[in-house]
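Contents: one structure, followed by commentary.
The values are calculated or read from the model by the stated rules, or taken from the named source; none is laboratory data. Not measured: the values here are computed from a predicted model. No Cβ is skipped: glycine too gets one built from the backbone with ideal geometry, and neighbour counts run over all protein chains shown.
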């Protein structure tokens, strides 16, 4: 048999070459050690403490929200534990003037962008006042249709571009969201117009129960951005420093007129999909859960900050106490919100 | 005043609003340099620049997303869907998102978006171009659905649509684009959304209709006049929400009515009109209210169109059934 001729273009080889280039960016390893000094975003001590504070606070908020839901005191809730670095370190790279188009699990970013906690609770309870985003808080109510926020983010980003603003539109979806047509249309439109958008894929490994491998034959989700001709990055989504660094770079490119970025944060949700009856034991093993918990963003960040001498148990206790108290107050305020009237609905129909 | 075709009147309305408000943006597939496949946006990019009149990538859902995002940043988007048969690709943005914008944000955001699209039969298009899908849109609370039948109305209604604070679906019947001209004022004017117009007064029977069927209905009314019937023709102009006041007033005068639509019979605008009449004015009726529609089938191949589409003859036939009941 004659030897195969060298092909001018080998599509299989090209695919593997591209896929293999997507190495996961990590700066802080599981032990809280800097493993990629060149990429260290050099946050000040104050900023490091602030980011840790937000992550601890949000972990408490998640625990309290789950309990409140179980007591029947909260409505729809999508747990966030495990995704603190993915959510809060990406948000930490934003400015107040940036606009967030969240999915329904992305309530923490809305809160840290200025949404009062009471409103988040009212939204969860199905009280319409929870959706009236206050003036000056640049967020859109959480999107329910998976992927729809991606095309809308392209529009918001284009609007900012037309207004000459130095700001970005940031949107979030999950691993399942990348299978939607709107995912591709969103990144493609923003790419075609070089609009200042950041598209975050929080790959928490499961779309409800469907594992990541069922979503696509692609080795990574980040590589999907390449097809749209836009910079794309795969990052350790349990590493706050890495998530922050790649998002900050993306924002810088965006406001400098260099267009959008796709960021895949490789992470895990510890809890169920939502509190409405999902049972993760049907699709995950406790071994997998345990493996992921070793990579926990709070553990490694705590180790890092403690080694730097800027974090202590007492500090953490104080944050937990503050969070618990503020959550209690916010629930009290939500309880006190006037009952909705039919006339309230009618005026906004 | 100038003599204009409907397509010219539509271009003129967009030009007027691009001039009137710098937040107005016009975009869609091939609307820029090419001026749109029907030339609805002819010359607008040249006049207002690529920043305000621009081509999009080929993706209807993406176009809908752009419109939503742009409206969130204070713009007043006029998006074109190249043919309304492609609306299924952008149903979530229109019915799922735009229509609910005000409600789901508790009134914080609204969506002053105009969705323009050609539709309608009789011009031998390939499949998925000609369907009358206004019933789909009318089924969604939060959307206003407008279908003009004349150049004059097209301009005034489109200006109103663009100035409206909430989403308006503006459907342009392809057969009417260049079928006739009429006097259209050069300056901007508005025609209120949600208002029907009595096109022809009559006392024996009311025909409620819209779009290209207005002209078939007028033809039928003229023919029947020769036979001694006085037929009123009401152009609904906005098919959702309906101008119930004008409809009921007409029925109370004539006591007989038919409803004519180009769309298939099932779950359409005509069914809504009939229901409103029977709920509100049954004691004024001397006969059942009948419908003239296309058959309940898939829209046919181009060569079957003529037989499939309702026409003046079908209208006269049904009208006489009601008149002689």
Taking residue A:95 and the conditions (1) under 23 Å from residue A:231 (Cα atoms); (2) touching a residue at least 60 places away in the same chain (Cβ under 8 Å); (3) in a helix (DSSP H, G or I), which numbered condition does it fall short on, given that it satisfies the others? (3)
Scanning the stretch A:104-119 residue by residue, those within 14 Å of chain B (Cβ to nearest Cβ) and closer than 23 Å to residue A:204 by Cβ turn out to be A:104, A:110, A:115
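Return a yes/no flag: does the stretch A:90-100 have any residue that is surrounded by fewer than 18 Cβ atoms within 10 Å (Cβ to Cβ) and within 13 Å of chain B (Cβ to nearest Cβ). Quick ask: steps written out before the conclusion?
Going through the stretch A:90-100, the residues surrounded by fewer than 18 Cβ atoms within 10 Å (Cβ to Cβ) turn out to be A:95-97.
Applying the additional criterion that residues be within 13 Å of chain B (Cβ to nearest Cβ) yields A:97.
Among the residues of the stretch A:90-100, at least one is surrounded by fewer than 18 Cβ atoms within 10 Å (Cβ to Cβ) and within 13 Å of chain B (Cβ to nearest Cβ), which makes the answer yes.
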Checking residue A:145 against (1) over 18 Å from residue B:24 (Cα atoms); (2) buried (at least 21 other Cβ atoms within 10 Å of the Cβ); (3) at the interface with chain B (Cβ under 9 Å from one of its Cβ atoms), which single condition isn't satisfied? (2)
Only one of B:319, B:263 that is modelled with pLDDT of 95 or more, within 22 Å of residue B:242 (Cβ to Cβ), assigned to a helix (DSSP H, G or I) and in contact with a strand residue (DSSP E or B) (Cβ under 9 Å, 6 or more places away or on another chain): B:319
Could you list, in sequence order, all residues of the stretch B:160-176 that are closer than 22 Å to residue B:97 by Cα and part of a helix (DSSP H, G or I)? B:160, B:161, B:162, B:163
Would you please name the residue that is nearest to the other protein chains (Cβ to nearest Cβ), looking only at residues in the stretch A:122-135 that are within 21 Å of the chain's Cα centre (by Cα) and at pLDDT 95 or above? A:133
Residue list for the stretch A:265-288, restricted to those being surrounded by fewer than 16 Cβ atoms within 10 Å (Cβ to Cβ) and either without any contact (Cβ under 8 Å) to a residue 12 or more places away in the chain or out of contact with any strand residue (DSSP E or B) (no Cβ under 9 Å at 6 or more places or on another chain) (or both): A:274, A:276, A:277, A:279, A:281, A:282, A:285, A:286, A:287, A:288
Among the numbered criteria (1) more than 20 Å from the chain's Cα centre (by Cα); (2) at the interface with chain B (Cβ under 7 Å from one of its Cβ atoms); (3) surrounded by fewer than 23 Cβ atoms within 10 Å (Cβ to Cβ), which one does residue A:160 miss? (3)
Any residue at all in the stretch B:133-154 that's over 16 Å from the mean Cα position of the chain (by Cα), at pLDDT 95 or above and closer than 20 Å to residue B:188 by Cβ? no
So, in the stretch B:64-101, of the ones that are over 17 Å from residue A:156 (Cβ atoms) and not in a helix (DSSP H, G or I), which residue ends up farthest from the other protein chains (Cβ to nearest Cβ)? B:83
Scan A:262, A:246 and give me the residue that is outside any helix (DSSP H, G or I), under 30 Å from residue A:162 (Cα atoms) and touching a strand residue (DSSP E or B) at 6+ places or on another chain (Cβ under 6 Å). A:262
Do any residues in the stretch A:176-191 that are within 7 Å of chain B (Cβ to nearest Cβ) and free of Cβ contacts under 8 Å to residues at least 12 places away in the same chain have Cβ atoms under 8 Å from those of residues that are in a helix (DSSP H, G or I) and surrounded by fewer than 24 Cβ atoms within 10 Å (Cβ to Cβ), where the two are at least six apart or on different chains, and which pairs are they? none
So, in the stretch B:46-63, of the ones that are more than 8 Å from chain A (Cβ to nearest Cβ) and closer than 24 Å to residue A:141 by Cβ, which residue ends up surrounded by the fewest Cβ atoms within 10 Å (Cβ to Cβ)? B:60
Those residues of the stretch A:23-46 which are free of Cβ contacts under 8 Å to residues at least 24 places away in the same chain and part of a helix (DSSP H, G or I), in sequence order: A:37, A:38, A:46
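Before we move on, is residue A:220 away from chain B (no Cβ under 14 Å), at pLDDT 95 or above and closer than 16 Å to residue B:62 by Cα?
On the way: away from chain B (no Cβ under 14 Å): yes; at pLDDT 95 or above: yes; closer than 16 Å to residue B:62 by Cα: no.
No: the conditions fail for residue A:220.
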Restricting attention to the stretch B:189-248, report how many residues are part of a strand (DSSP E or B), under 23 Å from residue B:312 (Cβ atoms) and touching a residue at least 60 places away in the same chain (Cβ under 8 Å). 6
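Results for (1) without any contact (Cβ under 8 Å) to a residue 40 or more places away in the chain; (2) away from every other protein chain (no Cβ under 14 Å), shown as yes or no for each residue.
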| site | (1), (2) |
| --- | --- |
| A:305 | no, yes |
| A:321 | yes, yes |
| A:325 | yes, yes |
| A:331 | no, yes |
| A:341 | yes, no |
For residue A:210, all conditions in the list (1) buried (at least 24 other Cβ atoms within 10 Å of the Cβ); (2) away from chain B (no Cβ under 14 Å) hold save one; what is the number of the exception? (1)
Test: residue in the stretch B:160-182 that is within 14 Å of chain A (Cβ to nearest Cβ), buried (at least 24 other Cβ atoms within 10 Å of the Cβ) and either under 30 Å from residue B:297 (Cβ atoms) or touching a residue at least 24 places away in the same chain (Cβ under 8 Å) (or both): yes
So, in the stretch B:266-302, exactly how many residues are farther than 19 Å from residue B:244 by Cα, surrounded by 17 or more Cβ atoms within 10 Å (Cβ to Cβ) and touching a strand residue (DSSP E or B) at 6+ places or on another chain (Cβ under 6 Å)? 3
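Okay, residues lined up against (1) surrounded by fewer than 24 Cβ atoms within 10 Å (Cβ to Cβ); (2) farther than 23 Å from residue B:89 by Cβ; (3) modelled with pLDDT of 95 or more:
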position	(1), (2), (3)
A:170	no, yes, yes
A:184	yes, no, yes
A:215	yes, no, yes
A:225	no, no, yes
